[in-house]
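The values are calculated or read from the model by the stated rules, or taken from the named source; none is laboratory data. Because the structure is predicted, anything quoted here is derived from the model rather than measured. In this analysis, Cβ positions are derived from the backbone assuming ideal geometry, glycine residues included, and neighbour counts consider all displayed protein chains.
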Amino acid sequence: MEEKLANMASEPAPFVMRLRGAWRGLVKDLRRDYLLYLMLLPTLVWFIVFLYMPMGGLQLAFKQYSAWKGIDGSPWVGFAHFVSLFQSDQFLRAIGNTLIISGYSILLAFPVPILLALMINEVQSQGYRKAVQTIVYLPHFISVVIVAGIVVAFLSPTTGVINNVLEIFGFDRVYFLTRPEWFRSIFIGSGIWKEAGFDSIVFLAAIMSINPALYESAQVDGASRWQMMTRITLPCIVPTIAVLLVIRLGRVLEVGFEYIILLYQPSTFQTADVISTYIYRQGLQGARYDLATAAGVFNAVVALVLVLIANRLSRRITRTGVF
Amino acid sequence: MLATPFFTRSDRIFGRVNAILLAVFAILAIYPVIYVLSVSMSSGEAVTAGRVFLLPVNLDFSAYSRVFEDKLFWTSYANTFFYTVFGTVASLFFIIPSAYALSKHRLRGRRLIGFFIAFTMWFQAGMIPFYLNISNLGLIDSRWGIVIAFACNAFNIILMRNYFESISQSFEEAARMDGANDLQILWKVYIPLSKPAIATVTLLCVIARWNGYFWSMVLLRHEDKIPLQVYLKKMIVEVNLSEEFSGAVMAHSYSVETIVGAIIVMSIIPVLLVYPVVQKYFTKGVMLGGVKE
């Protein structure tokens, strides 16, 4: 009992000393590592100025923006912009289009690089393999502006090669880029053309890390190459596929809007207009900053939640899924 | 892949079908580029008549001379070089030192600062607040605004940091014995050891600068500042749809299509020139980025 009391009485002293010790340790570390902090400084300032300062502008989503009062002086309007967004057919259409385009591209574009990786892996000749890889990776490095230019040239109603071929086979010429029913196919198709090859790299890397002993023993058992591909290679990269699919699902709201705004036009808005192109038109083209910011906030919050869920899931997969 | 290729008949058929299908994929990948190249070198009349499918018809370079006459083409080409060179240098200036600092486990607040940077990969204010911020900073229609405002991003810093972390501590300890400080260690030890990662980040920056158009289009007001991609967009998307331009070229041996083709080819050539190097490092880069986080 007396001992305990004595301990309690003496406790403040060590605590203060520990605090002082920690403080001294901190000062000592800061002094020792001042160069490291100096190296970080420009980047931290950059992040604050260009990525964190704009976050103050998010309040616009809840304000009636007036140019002469500025962001801070504009009056609050609560959730009015969100209400009008969800009453606007255009915005609801944009949400729908975003999900449809993303959905189709996951369904159609996601499997292509996997297939490509499996096929490239089966090539025996190193030279042929290199050549194929060099060619299919190339479109990734071509800018979206040029891709859009190529698409326009290809599909031109008067001189495009597609229409020339259609005409040879006795079909009518189609002005594809003005037809809403064609927009998604054009967007997803050219997207596959641009990225499928490059996206196969990740899967090829996964294939490369498969233990060769698996193939050797399968060969001893008399497995055919087809069997080895479907029973060894494919199952071994399933964890990679699962992780990438989950990440892709988490980014379902991200569609290549920089590419869409090059290809779409008013006549195709009904199938082509997505959330980000809607924000671009309302905000940057129409100067409706408050409404567009509200749409952006909605988009960013939903996207953040989806990405966090996806991260959780993919972590679970990598923990339990690999071998 | 296999140590002893011991193939049955069906295996050989499988291999051949596979090779043929891959050839089809490769042709599909390269054909659009060849088509545009051929269009750019054909006569406008042959293109308009729909006679170009694979190779140039009536070889004709007038579209190129027409493009070379355009002063704006050269201005935008020079601007792209400006943005690419200075933008990449700025990126490396931000990325390398901060990635080095973050790779040091002894750094106080390392986790907090790391989170501060990585958080922007998951959440950003978005297009409009970003634009208004740039506008408040007075960087609208500013060349240096374009260079600085897009110089940094979390992904590249993390990629670089991961690589620095994989370098053995013993190098640093040895340098410290010789009395080197962090700046000297970074410059004399880490940078020489990190050439593959630096090359990857450099190429990521160069390609992003060379190909990017959106913010240049939004932020730059004067034509004499626009990069090549914005010029291309004007020519391809806008000119192609305007009737007057096609009327103006009627009297020449080029057409709208051959001019657009020539511009596209001129802008792809630098990409093709560096592509072999790029390809080597990009395949590595994809792996580096995937190592952690």
Checklist entry - In segment B:137-193, which residue that is in a helix (DSSP H, G or I) and polar (S, T, N, Q) is surrounded by the fewest Cβ atoms within 10 Å (Cβ to Cβ)? => result B:Ser170
Checklist entry - Any residue in segment B:30-39 that is crowded, with 19+ Cβ neighbours inside 10 Å and farther than 30 Å from A:Ser190 by Cα? => result no
Item to check | Filter result for the condition that a residue is under 23 Å from A:Trp182 (Cα atoms) and in contact (Cβ under 8 Å) with a residue 24 or more places away in the chain, over A:Asp273, A:Asp290 | outcome: A:Asp273
Checklist entry - Regarding B:Ile128, is this residue in contact with a Phe, Trp or Tyr (Cβ under 7 Å, 6 or more places away or on another chain), part of a helix (DSSP H, G or I), crowded, with 16+ Cβ neighbours inside 10 Å and in the same structural domain as B:Glu173 (by TED's automatic domain parsing)? => result yes
Checklist entry - What number of residues within segment B:107-153 are charged (D, E, K, R), more than 7 Å from chain A (Cβ to nearest Cβ) and without any contact (Cβ under 8 Å) to a residue 24 or more places away in the chain? => result 2
Checklist outcome for this item: Residues of segment B:39-77 being within 19 Å of A:Ala148 (Cβ to Cβ) and of a type in the set (S, T, N, Q), in sequence order, are B:Ser40, B:Ser76
Checklist entry - Out of all the residues in segment A:136-149, which are in a helix (DSSP H, G or I), within 15 Å of B:Tyr275 (Cβ to Cβ) and of a type in the set (A, V, I, L, M)? => result A:Val136, A:Leu138, A:Ile146
Checklist outcome for this item: Note: among B:Asp141, B:Asp178, just one is touching a His at 6+ places or on another chain (Cβ under 9 Å) and either outside the structural domain of B:Ala101 (by TED's automatic domain parsing) or over 14 Å from B:Leu102 (Cα atoms) (or both), namely B:Asp141
Checklist outcome for this item: When segment A:175-189 is checked residue by residue, the ones that are closer than 16 Å to A:Ser102 by Cβ and among the hydroxyl-bearing types (Ser, Thr, Tyr) are A:Ser185
Checklist entry - Applying the selection to segment A:264-287, what residues are facing another protein chain (nearest Cβ under 9 Å) and either of a type outside the set (A, V, I, L, M) or surrounded by fewer than 21 Cβ atoms within 10 Å (Cβ to Cβ) (or both)? => result A:Gln265, A:Ser276, A:Tyr280, A:Gln282, A:Gly283, A:Leu284
Checklist entry - Across segment A:209-227, what is the number of residues that are within 9 Å of chain B (Cβ to nearest Cβ) and either crowded, with 20+ Cβ neighbours inside 10 Å or more than 24 Å from B:Arg12 (Cβ to Cβ) (or both)? => result 1
Item to check | Unmet criterion (only one of (1) in a loop (DSSP other than H, G, I, E, B); (2) more than 30 Å from A:Val165 (Cα to Cα)) for B:Leu59 | outcome: (2)
Checklist outcome for this item: Flagged in segment B:29-57 as within 7 Å of chain A (Cβ to nearest Cβ) and free of Cβ contacts under 8 Å to residues at least 40 places away in the same chain, in numbering order, are B:Ala29, B:Ile30, B:Pro32, B:Tyr35, B:Gly50, B:Phe53
Checklist outcome for this item: Picked from segment A:104-135 (must be surrounded by 15 or more Cβ atoms within 10 Å (Cβ to Cβ) and among the polar types (S, T, N, Q)), the residue nearest to B:Pro276 (Cα to Cα) is A:Thr134
Checklist entry - Any idea which of A:Ile232, A:Ile260 is more than 10 Å from chain B (Cβ to nearest Cβ), over 28 Å from A:Ile146 (Cα atoms) and in a helix (DSSP H, G or I)? => result A:Ile232
